[in-house]
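Engineer: This is the structure I have questions about; it appears just below.
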Amino acid sequence: MNIRYLGTAAAEGWPALFCSCPICTHARAQGGKNLRTRTQAILNGELLIDFPPDTYCHALQYGLELSKVRTLLVTHSHMDHWFPTDLIHRHEHFGHGATGTLEVYGNQAVKDAFDAHILIDRFQSHPIDGVVNVHVICGGDRIQVNGWEITAVPADHDKREECLVYICKKDGKTIFYGHDTGVNLSPRAWALITAERYDLVSLDATMGKKAVPGYHMGLPNDEDMFQRLTELGCVDEHTVKVINHFSHNGEMTHEQLTAWGAERNILAAYDGMGLEF
Ligand SMILES: [Zn+2]
Ligand SMILES: [Zn+2]
Ligand SMILES: [Zn+2]
């Protein structure tokens with residue numbers, strides 16, 4: 001299986017849109033891997049996870065043919081993960097040759113945001129209910145779609161909605177995609193996560209050097225969670241360990257994140273990073 005990290009920043013981007021802090025100033029000066037767009041990933045070039053406003057630039061940058069993607073998992077309705085307006089462009093009027101349907105899975109807030117942005121007067125002449133299906137799912141749901149077996153896991157994130165992280169399986173490989181979440185996972189979530197052995201685990205690292213009590217994670221939280229998963233046999237020496245979804249508020253540069261990871265056999269994701277596992 002392979003994963004490509006298309007975007008690796010938190011909501012404000014990296015450098016952040018309106019920020020002049022030392023981390024953002026460093027990122028602007030250095031460029032390259034210091035420039036991060038909003039979080040999105042694709043598995044085997046076919047299973048898309050999240051749909052941020054940067055999806056368009058990811059398609060350009062990485063030559064993605066999104067008309068071929070049939071499955072989209074959405075973690076939650078925050079704007080860095082869900083910009084539903086752009087899905088109007090899957091209508092035949094804008095997306096010629098985009099055949100079949102795009103099956104979208106997300107919580108009720110994801111569906112509500114989709115309806116609010118798509119079911120508007122201006123788009124009435126281009127209905128997309130025949131080409132985009134939004135399915136409302138809950139934590140604990142298991143989905144079989146296009147050869148994938150997906151488990152939705154309730155995250156420790158914005159309590160105004162049931163944010164989800166995902167276990168994705170195909171061809172004997174299993175990945176845990178854990179963005180956005182903190183470590184205060186419910187017993188139900190832990191039971192789902194620890195029932196698997198992983199080939200790749202991708203954990204939230206929004207808060208960088210800071211340990212935080214929940215909602216997101218910092219590197220001390222990541223280290224604890226990897227340790228716990230290792231003790232339970234869910235992670236072992238063959239598991240690819242990744243940290244992702246970074247904010248300048250974590251007060252670490254890309255180089256510092258990479259150096260921290262190198263000492264612990266953990267990869268700090270960057271935009272465009274591809275991994276085979
Ligand atoms: Zn986020
Ligand atoms: Zn900043
Ligand atoms: Zn979020």
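Engineer: Run the Debye formula on the Cα coordinates of segment 184-237, all scatterers equal and no solvent, and tell me log10 I(q)/I(0) at q = 0.16, 0.20, 0.31 1/Å.
Structural biologist: Listed by q, the Debye log ratios stand at -0.48, -0.74, -1.25.
Engineer: So, one more: Given the convex hull over the Cα atoms of the chain, what projected area results after averaging over all orientations, in nm²?
Structural biologist: 14.1
Engineer: For segment 128-201, go through all pairs of different Cα atoms, get the mean of 1/r, take its inverse, and jot down that Kirkwood value in Å.
Structural biologist: Over segment 128-201, the inverse of the mean reciprocal pair distance is 13.2 Å.
Engineer: Then there is this: Looking at segment 1-122 from every direction and averaging, what is the projected area of its Cα convex hull in nm²?
Structural biologist: It is 8.7 nm².
Engineer: Something else now. Among residues other than V69 whose Cβ falls under 11 Å from its Cβ, what is the net charge (Lys/Arg +1, Asp/Glu -1)?
Structural biologist: 0
Engineer: Output the peptides 114-124, 138-148 sorted from most to least packed, where packing is the average of other Cβ atoms within 10 Å over each peptide's residues.
Structural biologist: 138-148, 114-124
Engineer: Given Cβ point charges of +1 (Lys, Arg) and -1 (Asp, Glu) and nothing else, what value in debye, to the nearest 20, does the dipole of the chain about its Cα centre take?
Structural biologist: Roughly 180 debye, rounded to the nearest 20.
Engineer: Residue by residue, what Karplus-based ³J(HN,Hα) values in Hz, rounded to whole numbers, does segment 270-277 have, using 6.51, -1.76 and 1.60 with θ = phi - 60° and x for Gly and Pro?
Structural biologist: With the stated coefficients, segment 270-277 comes to 9, 4, x, 5, x, 9, 9, 8 Hz.
Engineer: Tell me what the chain gives for mean residue ellipticity at 222 nm when only DSSP H runs of n ≥ 4 count, each as -39,500 (n - 2.57), the sum divided by the residue total, rounded to 500 deg cm²/dmol.
Structural biologist: Mean residue ellipticity, 222 nm, calculated: -6000 deg cm²/dmol.
Engineer: Next up: Sticking to Cα atoms, compute the Rg of segment 119-277 to one decimal and its Dmax as the biggest Cα-Cα distance, whole number, in Å.
Structural biologist: Values for segment 119-277 (Cα only, Rg and Dmax): 17.3, 56 Å.
Engineer: Using only the Cα atoms of segment 179-269, build the gyration tensor, take square roots of its eigenvalues as a ≥ b ≥ c, and label the shape rounded, prolate or oblate: rounded if a/c is under 1.5, else prolate if a/b is larger than b/c, else oblate.
Structural biologist: Because a/c hits 1.5 or more and a/b fails to exceed b/c, segment 179-269 counts as oblate.
Engineer: Sticking with this one: Residue-wise, which Karplus ³J(HN,Hα) couplings in Hz belong to segment 192-208, taking 6.51 cos²θ - 1.76 cosθ + 1.60, θ = phi - 60°, and x for glycine or proline?
Structural biologist: 5, 5, 7, 7, 10, 10, 10, 8, 8, 10, 10, 10, 5, 9, 3, 9, x
Engineer: Let me ask you something else. Under a Cβ-Cβ limit of 4.7 Å, which cysteines in the chain have nobody to pair with?
Structural biologist: Within the chain, the cysteines lacking a partner Cβ under 4.7 Å are C21, C57, C138, C163, C168, C234.
Engineer: Whole Å is fine, so just give me how far the alpha carbon centre of segment 81-139 lies from that of segment 250-277.
Structural biologist: Using only Cα atoms, the two centres lie 33 Å from each other.
Engineer: Near the amide H of A9, under 5 Å away, which other amide H atoms are found, from residues 5 or more places off or on another chain, if H is placed in the peptide plane?
Structural biologist: Hits under the 5 Å cutoff: T37, R38, T39, F246.
Engineer: Taking +1 at the Cβ of each Lys and Arg and -1 at the Cβ of each Asp and Glu, which of G32, H179, W148 sits farthest along the dipole of the chain towards its positive end, judged by Cα position relative to the Cα centre?
Structural biologist: G32
Engineer: Using +1 on the beta carbon of Lys and Arg, -1 on that of Asp and Glu, and nothing else charged, what's the dipole of segment 183-268 about the Cα centre, debye to 20?
Structural biologist: Once rounded to the nearest 20, the dipole reads 240 debye.
Engineer: Mind checking the alpha-carbon convex hull of segment 67-211 and giving the volume per residue in Å³?
Structural biologist: Spelled out: Cα convex hull of segment 67-211, divided by residues, is 124 Å³.
Where a number appears in this text, it was derived from the coordinates with a stated rule and is not lab data. Remember, it's a predicted structure, so these values are computed and weren't measured experimentally. Neighbour counts run over all protein chains shown; Cβ positions are idealised from the backbone, glycine included.
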